[in-house]
Amino acid sequence: MRTRVALALTLLPLLAAPACGDRTAKASLPATPPARPAVTATGSDSPAVAPVSKDAKASPATQGAATMTGTTEPHRRSTLMPIVPGIVEKVLFSEGQRVKAGQPLVMLKTEDFTLRVRQAEAGLEAAQAQFDNAALAYERMRGLRGKEAVAQGTLDQVEAGYKAAKAGLSNARVMLDMARKAYRDLTITAPYDAVVVRRMISEGESAMVMPPAPVAVIEQTDLLDLKLQVPAAELSRLSEGTPLVVRFPATGQEVPATVKFVVPSANPGSRTFTVLVELPNEDGALKAGLFAEARLAAKGSTEAAR
């Protein structure tokens, strides 16, 4: 027993030595290095980058780059119809032909209306004769009444006949004017300078009034309308006279233009506003029905100066 105790006391210093060495080694380890503060380099090798502000606004050039779209339309489009019924005698135009205001396009047969004019002329002659006779009788009775040679009642009757004859004469004149107008309406003319885009009748066909029988469709294309659809956010930039640049992607054409009118109410379906632009087209280079893109002309540019 004494031998075991003595042996333990002998080995105890030897076992304690490694443990102390471990604690000493752990204590000698350097502490964790502190985090290095972030440094913004300012040298030539690492240029500083300025932060982008969230409130930064687009440049004026970017602001003016908004694109509006629309389709060209003829300035005026009319479907011509006869005013009086008749049989077509002559068609004096073809599709694609340019016509002038007042130019005859269709002529109807005139026989019936010639007779109507002659009938109205005869009616006017008869009404004129009745009026002359009534006027003569009225003047004679007035003179006799002044001498008290006839009763007042007789004068009243003659005066009534005179007034009736006068009204009949006026009616006969109106009837003749109507007959002559109907005769003139047998010739259908162009109401303005235009291009015939569709022919809808031929010689020998009946041109009816009820139901209407169209004879032609014409369009005024020397001036085109471009209706742009503009969102509400862009509307404040546009007003009458605002310069624009209009481009046609299908043809590559680009022309200057100005705003003619801004419709003050939005379209119920798209919630956009319609802006009307008129495009001069005397040479016919532009066509109706083309898709177009428009943008605000830059200030000081050639387009804006125009």
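Things to note:
- In segment 221-250, residue farthest from L296 (Cα to Cα) [restricted to those that are surrounded by 13 or more Cβ atoms within 10 Å (Cβ to Cβ) and hydroxyl-bearing (S, T, Y)]: T221
- Every test in (1) assigned to a helix (DSSP H, G or I); (2) under 34 Å from the mean Cα position of the chain (by Cα) is passed by N133 save one, and that test is (2).
- For segment 177-208, the candidate set comprises residues that are among the hydrophobic types (A, V, I, L, M, F, W, C) and more than 30 Å from the chain's Cα centre (by Cα); within that set, the residue that is nearest to E95 (Cα to Cα) is A207.
- Identity of the residue in segment 237-270, under 17 Å from the mean Cα position of the chain (by Cα) and of a type in the set (A, V, I, L, M), that ends up nearest to A294 (Cα to Cα): V246
- Remark: pairs (first residue in segment 90-119, not assigned by TED's automatic domain parsing to the domain that holds G284; second residue loosely packed, with under 13 Cβ neighbours inside 10 Å and small (G, A, S); Cβ separation under 7 Å; 6+ apart in sequence or on different chains) = V91/S202.
- Hey, A120 in a helix (DSSP H, G or I), aliphatic (A, V, I, L, M) and surrounded by 15 or more Cβ atoms within 10 Å (Cβ to Cβ) or not: yes
- Of all residues making up segment 217-233, the number that are in contact with a Leu (Cβ under 9 Å, 6 or more places away or on another chain) and among the acidic types (D, E): 1
The values are calculated or read from the model by the stated rules, or taken from the named source; none is laboratory data. All values reported here derive from a predicted model rather than from experimental measurement. Here Cβ is always computed from backbone atoms with ideal geometry, including for glycine, and neighbour counts include all displayed protein chains.
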